[in-house]
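Written below as structure tokens is the structure these notes are about.
Every number in this text was worked out from the coordinates using simple rules, so none of it is lab data. Here the structure is a predicted model, which means the values were calculated and not measured. Glycine also receives a Cβ, built like all others from the backbone with ideal geometry; neighbour counts cover every protein chain displayed.
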Amino acid sequence: MMEQLDRRNPCDNLNHRRTQAPVRHCPACGRVVNERVGKQDCSDTQHATARRQHSVFCVDCGMRLISRG
Ligand SMILES: [Zn+2]
Ligand SMILES: [Zn+2]
């Protein structure tokens, strides 16, 4: 049986549906999707790149990159 999607989490990013997500954090909600992926020490450059790709959260460290209104 597949685990049902957590209804309290409105995030529909497909990383949540993967059993082996390639990233530690979801770029849309910042929740950990794969604890096996180690936390990274990111540089400002990496965060700037992620921001340009419209990631709200960094997939490597989970830091919020874009603050909402
Ligand atoms: Zn998410
Ligand atoms: Zn980061």
Compute the Cα gyration tensor for the range 9-69, then decide on rounded, prolate or oblate, letting a ≥ b ≥ c be the square roots of its eigenvalues: rounded whenever a/c is under 1.5, prolate when a/b is larger than b/c in the other cases, and oblate in all that remain.
-> oblate
Given backbone amide H placed at 1.01 Å from N, residues whose amide H is under 5 Å from that of Cys61, ignoring those fewer than 5 places away on the same chain, are Gln40
Summed over the other residues with a beta carbon less than 13 angstrom from that of Thr45, with K and R at +1 and D and E at -1, the charge totals -1
Phi angles of the range 32-41, converted by Karplus (6.51 cos²θ - 1.76 cosθ + 1.60, θ = phi - 60°) into ³J(HN,Hα) in whole Hz with x for Gly and Pro, give 6, 9, 8, 5, 6, 7, x, 6, 9, 8
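Test of understanding: what is the full-extension gain from His16 to Asp44, defined as 0.36 nm times their sequence separation minus their Cα-Cα distance? Spell out each step's value before the answer.
Numbers: separation 28, 0.36 × 28 = 10.08 nm, distance 2.60 nm.
That pair, His16 and Asp44, stretches by 7.5 nm at full extension.
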